[in-house]
Structure formats: structure tokens, C-alpha cells
Amino acid sequence: MSRTAAGPLQTGAGLVLALAMAATVGAALGFQYIGGYIPCALCLEERIPYYVGVPLMLLAFLSGAMKWPPLLTRALLLAGGLLMTWGLVMAVYHSGVEWKFWPGPKDCSAAALSATKTASSLLDNLNAHPPACDTAAGRFLGLSFAGWNAVASLILAAVAYVAAFGRTKI
């Protein structure tokens with residue numbers, strides 16, 4: 001088979017990536033709904049590549065399994081790699097905001113979220129507010145959720161790129 005053909009590597013990678021992406025975003029949702037960790041605005045944005053990537057990687061798997069044009073399978077895997085690269089950039093940015101390496105969005109800082117000064121704004125703030133983007137909800141083995149997302153995104157991007165550009169056999 002040529003380098004442009006889709007083979008077991010591409011088909012398997014599509015399934016592995018779909019499952020890994022689903023597990024990663026599923027873990028984030030579990031921490032939110034079961035663990036009670038409320039995500040900030042940047043956390044929610046970091047989930048977008050996963051929401052888009054899972055169905056794309058399932059389509060890549062289906063494309064390889066059904067022997068659709070190999071270029072389609074590889075293009076879908078490349079799209080998955082690009083999505084995870086986008087996720088990596090967002091996660092590194094968010095981690096830097098948490099470590100105070102650079103400022104985050106002005107409407108997502110601890111100062112902006114706690115600026116209740118008047119009685120009328122107290123009524124507006126009775127509803128729960130998301131946490132500030134510059135404060136990590138917690139750290140596990142030294143990394144925040146954004147830090148772990150950077151690790152996951154890096155690994156998933158690497159797998160997707162290897163599958164998109166690699167040989168057809170493992």
C-alpha cells in the first residue's frame with residue numbers, strides 16, 4: 001500500500017482518538033456534574049475541540065473501516081490533529097493565566113467577578129457566577145485542569161498527526 005492509502009493504523013487511530021477524546025471531555029463533565037467543580041469561561045471554550053473532534057474521529061474510523069477514499073480518512077485524522085493543536089494552545093494559554101504568566105480575559109478575572117459595589121448590583125449577582133479564569137479550581141500532581149488538558153491535547157494531537165501522515169500498517 002502507498003503512503004496515501006488508509007490502513008489499519010488510520011482506522012484504529014480514528015477509533016482510539018474518538019474514545020480518548022470522549023473520555024477526556026467526559027472526565028471534565030464528571031468533575032463538573034459529579035465533583036462540583038464549576039468551569040470558568042476558558043474551561044468551557046477548551047471543550048469545543050473535543051465536542052467537534054469526537055464525531056470527526058468516529059467518521060474517520062468509519063471511513064477507514066468502510067474503505068472509503070483513503071484521502072478522506074487521512075484528512076479527517078488531520079482535522080483531529082488540528083483540533084487538538086487548537087485545544088493545546090487554549091490549554092497552555094489558560095494555564096499561563098492561572099500561573100499569572102500573562103493576563104487572561106478582562107471579564108474572567110477574580111477582580112472582575114468580585115466587583116460588587118452597590119446594592120442594585122448585589123441583586124444582579126444573586127445568581128451563581130462561574131469561577132475566575134485566573135484561579136485554578138485545584139491542582140493534581142502539580143497541574144490544574146487546564147494543565148492536564150494541555151497534556152491530553154498534546155498526546156491526542158501527536159497520535160492524530162502520526163496516523164494522518166504515517167504508514168498504513170502499524
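A short reminder: the numbers here are calculations on the coordinates, not readings from a lab. If you're wondering where the values come from, they're calculated on a predicted model, not measured in any experiment.
How compact is segment 1-75 by the rule of thumb for globular proteins, expressed as Cα Rg over 2.2 N^0.38 Å?
1.36
Between Trp68 and Ala41, 0.36 nm times their residue separation minus their Cα-Cα distance comes to what?
Working it through step by step, the gained length comes to 5.9 nm.
Could you run the Karplus curve 6.51 cos²θ - 1.76 cosθ + 1.60 with θ = phi - 60° over segment 63-70 and give me ³J(HN,Hα) per residue in whole Hz, x for Gly and Pro?
Working through the residues one at a time gives 4, x, 5, 8, 6, 5, x, x Hz.
Quick one: Karplus J couplings for segment 141-146, per residue in order, coefficients 6.51, -1.76, 1.60, θ = phi - 60°, nearest Hz, x for Gly and Pro?
Per residue, the Karplus-derived 3J(HN,Hα) values read 6, x, 10, 7, 4, 5 Hz.
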